[in-house]
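Enquirer: There's a structure below that I have some questions on.
The values are calculated or read from the model by the stated rules, or taken from the named source; none is laboratory data. Nothing here was measured: the structure is a model prediction, and the numbers come from that model. Glycine also receives a Cβ, built like all others from the backbone with ideal geometry; neighbour counts cover every protein chain displayed. Surface areas here come from the heavy atoms of the whole protein model, side chains and all, with no ligands, DNA or RNA. Shrake-Rupley method; radii C 1.70, N 1.55, O 1.52, S 1.80 Å.
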Amino acid sequence: MQIRRKVVGLVAGVGVAAGTMLATVPAQAQAPDSVQATGSAERGGSGQRVTAPPAPDNERASARITATSPKISPSASYKHVASGGSYTCDYGNLCTPVWDPTVGKWKVFFLYYCNTYSLSYWNGNGAFSNNQTTDTKAYFYNSSGGTIRTSTAPDRNRSIDWDPVWKIKNC
């Protein structure tokens, strides 16, 4: 009995240590500058100014509310943006706004590092801007791993239904 408690304690300790180390990993992409209410997507310098979509209509949104914020794995930088607000999609990023029902704003993920990202609680209509290096392809996969959409950079402010999208490979 004593040995079992020690093993359980050791496993729990390793889990806490690993979680702490993961929490200290630096952000994967630089967060964009402040949110401003401006017009549609504009290209200037190294970033694209993109306007967030309007909020989902109340009837559809209430049917989808999960009370859980959208998540992505591995983690990526993100920013909440008000409906109709704007954000900068910096060069080298695939930017993906998805509605966050827990705060009533768009949660914009900035996918910079080449990876295959798994999505959780991504529901309803959203958008993406592929501001990666020219000709870089991003792939959107369904639950069985089939490609349902491809985007070649530069490709900005495109609408997408997140319901069938389970993974994104941004390079």
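Enquirer: If the cut-off is 29 Å between C-alpha atoms, which lysines fall inside it for Lys107, apart from same-chain ones fewer than 8 positions away?
Expert: Here the lysines satisfying the reach criterion relative to Lys107 are Lys71, Lys79, Lys137, Lys167, Lys169.
Enquirer: Using a 1.4 Å probe and counting only protein heavy atoms, arrange Tyr113, Tyr87, Tyr139 so the residue with the most accessible area comes first.
Expert: Tyr113, Tyr139, Tyr87
Enquirer: With +1 on each Lys and Arg Cβ and -1 on each Asp and Glu Cβ, and nothing else charged, work out how big the dipole of region 67-171 is about its Cα centre, in Debye to the nearest 20.
Expert: That gives a dipole near 80 debye.
Enquirer: Can you list residues from other chains, or at least 5 along the same chain, whose modelled amide H is less than 5 Å from the amide H of Asp163?
Expert: It is Gly124, by chain and number.
Enquirer: Ile148's amide H: which non-local residues (gap 5+, or another chain) put their own amide H closer than 5 Å, with H modeled 1.01 Å from N in plane and none for Pro or chain starts?
Expert: Phe140, Tyr141, Asn142
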